[in-house]
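**Q** Sharing a structure with you now.
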Amino acid sequence: MFPAKFEYYAPTTVNQAVALLKKHRDAKVLAGGHSLLPTMKLRLAQPPVLVDIGKVKGLAGIKVAKGGATIGALTTHATIAASKDLRKQCPAITEAAALIGDMQVRNRGTIGGSLSHADPAADYPAVMIALGAEMKAVGPKGARTINASHFFKSLMTTALKPSEVLTEVRLPPHQPNSGCAYVKFPNPASRFAVAGVCAWIALDAKGRCAKASIGITGACATATRASKTEAALRGKELNEETIAAAAAQAADGLDCLSDIHASAEYRAHLVTVLTARAIQQAVARAK
Amino acid sequence: MAQLKLTVNGVIYEADIDPRLLLVHYLRDTLGLTGTNVGCDTSQCGACTVLVDGLAVKSCTMLALQASGSKITTIEGLKQDGVYHPLQQAFWDNHGLQCGYCTSGMIMTAVDFLKHNPHPTEAEIRHAIEGNICRCTGYHNIVKAIKAAATQMADNRPLQRPQGQV
Ligand SMILES: Cc1cc2nc3c(=O)[nH]c(=O)nc-3n(C[C@H](O)[C@H](O)[C@H](O)COP(=O)(O)OP(=O)(O)OC[C@H]3O[C@@H](n4cnc5c(N)ncnc54)[C@H](O)[C@@H]3O)c2cc1C
Ligand code: FES
Ligand code: FES
């Protein structure tokens, strides 16, 4: 199988890439190609023009500083999974990266590609919304920042405009007495998330839950917050009972997907189980 | 058409190609390096795994043009001065294959893996070959072969051939 014919451009700067996207309205950005090329080979997508950003300089790399971490859009899952600095500050994202697909997929696939693709079963979206990450996008009118809570619009749809390139992801600085974790129930064949949960928990001086933020992926058409669970945790002492009671509400009000991999009911159940596990790990790390 | 320039097994190639040419087809059909196989053609099986700048990659899910400027290593490039790579030898010695279809992909994945983890446990080896499917279900000996190669490479010991093997 090979894709339908397309015109190919390999710009070396973000501005060149944006200019090409502006000129060719039906063009698609090509990053690692590990979502786009399979769909093009199956002819589910037939973009007439590809703008390959693989040779754009300065888009790959991780910077971890006091003010937060920035991850370039072209940074591969393998690089993120292996980053010790990132693991120290934000283990949920290195955990999510390490659980993506397999070694070869992690060597090619990029965080920018995964976020722009917004597959409902992708891992990073849960982490992005739980941590309140920000996406930097550059378009014909310049750069703008989009908070994760506004980035994922619906099934495979993001807030990015067709002529915009996602250039980097920014994670907020690590707060004292906070911890985060990502846990996932992978599809045994593809490793995509049947359900995945990221929990971020901050403790107050007495060790109670000051703030909780829970992101869910895989279960619904797009990643969402478990707001009922978050509210149920706030101000509580965190023990097995309170965590279980809060996690039991994680799927309340969610419109879960049903497909050949899992029924909506099963996904909803997974969400509650994984939420409890993610909270427990996050709390252990916050202490 | 577009200009491609890359290095495959140490040799520089330049060509004018159709942009939709996949790396695996460039290697197999244009260069005749048929050691790299196409199994699923849908990014699942790993039979097409080659090294791109040292990293194991599924070449059915990469345009040849994306490899422009890169150094590619295929199974044909592993043998050095007539001597098999320790992984190739270990697959032979441990009967790490049945039909052999998955073998080149398994070995290329393991080459990358052992660079990052020279002393792997059995569980780590099994995790590393998650993206490689063996339809003959020969995983047991594949894992054994990778473990044997790791030990040999770490010790830099000459390979011990099992008795009776020619
Ligand atoms: C076998 C297999 C298993 C997988 N398992 C998992 C898994 O378990 N979990 C998971 O999360 N993912 C999984 N994936 C998907 C993988 O993570 C992809 O790498 C990722 O979804 C896309 O990243 P990419 O760099 O390959 O993007 P591409 O395929 O190049 O692009 C994807 C889409 O995003 C757009 N795009 C890419 N980069 C940008 C950018 N910087 N700005 C604007 N638009 C952009 C493209 O136009 C395209 O529409 C799997 C993939 C395969 C093949
Ligand atoms: S042929 Fe490339 S992964 Fe199966
Ligand atoms: S040996 Fe036949 S597919 Fe693995």
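**Q** Output the number of the condition that A:ALA221 fails; it satisfies all remaining conditions of (1) touching a helix residue (DSSP H, G or I) at 6+ places or on another chain (Cβ under 8 Å); (2) assigned to a loop (DSSP other than H, G, I, E, B).
**A** Among (1) touching a helix residue (DSSP H, G or I) at 6+ places or on another chain (Cβ under 8 Å); (2) assigned to a loop (DSSP other than H, G, I, E, B), the lone unmet condition for A:ALA221 is (1).
**Q** Now for a different question. Only one of these is away from ligand 2 (no atom under 16 Å from the Cβ), more than 18 Å from the chain's Cα centre (by Cα), of a type in the set (Asp, Glu) and buried (at least 19 other Cβ atoms within 10 Å of the Cβ): A:GLU168, A:GLU230. Name it.
**A** Working: A:GLU168 fails: more than 18 Å from the chain's Cα centre (by Cα).
That would be A:GLU230, the only listed residue that is away from ligand 2 (no atom under 16 Å from the Cβ), more than 18 Å from the chain's Cα centre (by Cα), of a type in the set (Asp, Glu) and buried (at least 19 other Cβ atoms within 10 Å of the Cβ).
**Q** Further question: Taking the residues in the stretch B:1-39 that are facing another protein chain (nearest Cβ under 10 Å) and assigned to a loop (DSSP other than H, G, I, E, B) as candidates, determine which candidate is nearest to the chain's Cα centre (by Cα).
**A** This residue is B:VAL38.
Residue-wise test of (1) of a type outside the set (A, V, I, L, M, F, W, C); (2) in the same structural domain as B:GLY131 (by TED's automatic domain parsing).
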| residue | (1), (2) |
| --- | --- |
| B:LEU51 | no, no |
| B:VAL57 | no, no |
| B:THR61 | yes, no |
| B:ILE72 | no, no |
| B:ASN94 | yes, yes |
| B:CYS99 | no, yes |
| B:ILE107 | no, yes |
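**Q** For the stretch A:36-44, check the following and say yes or no: at least one residue is surrounded by fewer than 18 Cβ atoms within 10 Å (Cβ to Cβ) and of a type in the set (A, V, I, L, M, F, W, C).
**A** yes
**Q** Also, quick follow-up: Among the residues of the stretch A:256-276, which ones are part of a loop (DSSP other than H, G, I, E, B) and either surrounded by 14 or more Cβ atoms within 10 Å (Cβ to Cβ) or in contact with a Ser or Thr (Cβ under 9 Å, 6 or more places away or on another chain) (or both)?
**A** A:CYS256, A:LEU257, A:HIS261, A:ALA262
**Q** Still on this structure: Return yes when A:THR76 is under 23 Å from A:THR12 (Cα atoms) and more than 12 Å from ligand 1 (Cβ to nearest atom) and no when it is not.
**A** Judged against the criteria, A:THR76 is not a match.
**Q** Any residue at all in the stretch A:196-214 that's among the charged types (D, E, K, R) and within 30 Å of A:ARG106 (Cβ to Cβ)?
**A** no
**Q** Take B:THR42 and decide whether it is within 10 Å of the chain's Cα centre (by Cα) and in the same structural domain as B:GLY10 (by TED's automatic domain parsing).
**A** Values: within 10 Å of the chain's Cα centre (by Cα): no; in the same structural domain as B:GLY10 (by TED's automatic domain parsing): yes.
Answer is no for this residue.
**Q** Shifting gears a bit: If you take the residues of the stretch B:102-150 that are within 13 Å of ligand 3 (Cβ to nearest atom) and farther than 17 Å from B:ALA56 by Cβ, which of them is surrounded by the most Cβ atoms within 10 Å (Cβ to Cβ)?
**A** We begin by selecting, within the stretch B:102-150, every residue within 13 Å of ligand 3 (Cβ to nearest atom); these are B:102-107, B:109, B:129, B:132-143, B:145.
Keeping just the survivors that are farther than 17 Å from B:ALA56 by Cβ gives B:135-141.
On the way: B:ARG135: 12, B:CYS136: 14, B:THR137: 9, B:GLY138: 21, B:TYR139: 17, B:HIS140: 11, B:ASN141: 19.
Only one residue tops the list, namely B:GLY138.
**Q** Further question on the same structure: Out of (1) within 11 Å of the chain's Cα centre (by Cα); (2) of a type in the set (A, V, I, L, M); (3) assigned to a loop (DSSP other than H, G, I, E, B); (4) away from ligand 2 (no atom under 15 Å from the Cβ), what's the single condition that is false for B:VAL111?
**A** Going through the list (1) within 11 Å of the chain's Cα centre (by Cα); (2) of a type in the set (A, V, I, L, M); (3) assigned to a loop (DSSP other than H, G, I, E, B); (4) away from ligand 2 (no atom under 15 Å from the Cβ), B:VAL111 breaks only (3).
**Q** Which one of B:LEU23, B:LEU51, B:LEU63, B:LEU4 is farther than 26 Å from B:ALA128 by Cβ and buried (at least 20 other Cβ atoms within 10 Å of the Cβ)?
**A** Details: B:LEU23 fails: farther than 26 Å from B:ALA128 by Cβ; B:LEU51 fails: farther than 26 Å from B:ALA128 by Cβ; B:LEU63 fails: farther than 26 Å from B:ALA128 by Cβ.
After ruling out the rest, the residue left standing is B:LEU4.
**Q** Sticking with this one: With (1) within 13 Å of ligand 2 (Cβ to nearest atom); (2) of a type in the set (Gly, Ala, Ser); (3) modelled with pLDDT under 95 as the list, and B:SER59 as the residue in question, which single condition is left unmet?
**A** Unmet condition: (3).
**Q** Right, something else. Check off (1) more than 14 Å from ligand 1 (Cβ to nearest atom); (2) of a type in the set (D, E, K, R); (3) within 14 Å of another protein chain (Cβ to nearest Cβ) for A:LYS141 and give me the number that stays unchecked.
**A** That leaves (3) as the condition not met.
**Q** Suppose we keep only residues that are part of a helix (DSSP H, G or I) and within 10 Å of chain A (Cβ to nearest Cβ) within the stretch B:40-79. Which one would you say is nearest to ligand 1 (Cβ to nearest atom)?
**A** Ranking the candidates gives B:THR61 first.
**Q** Report yes if A:ILE201 is aliphatic (A, V, I, L, M) and either within 27 Å of A:SER35 (Cβ to Cβ) or at pLDDT below 95 (or both), otherwise no. Steps first, answer last, please.
**A** Details: aliphatic (A, V, I, L, M): yes; either within 27 Å of A:SER35 (Cβ to Cβ) or at pLDDT below 95 (or both): no.
Against the criterion (aliphatic (A, V, I, L, M) and either within 27 Å of A:SER35 (Cβ to Cβ) or at pLDDT below 95 (or both)), A:ILE201 does not qualify.
The values are calculated or read from the model by the stated rules, or taken from the named source; none is laboratory data. From a predicted model like this one, the values you see are computed outputs, not experimental measurements. Note that we place each Cβ from the backbone using ideal geometry, even for glycine, and neighbour counts take in every protein chain shown.
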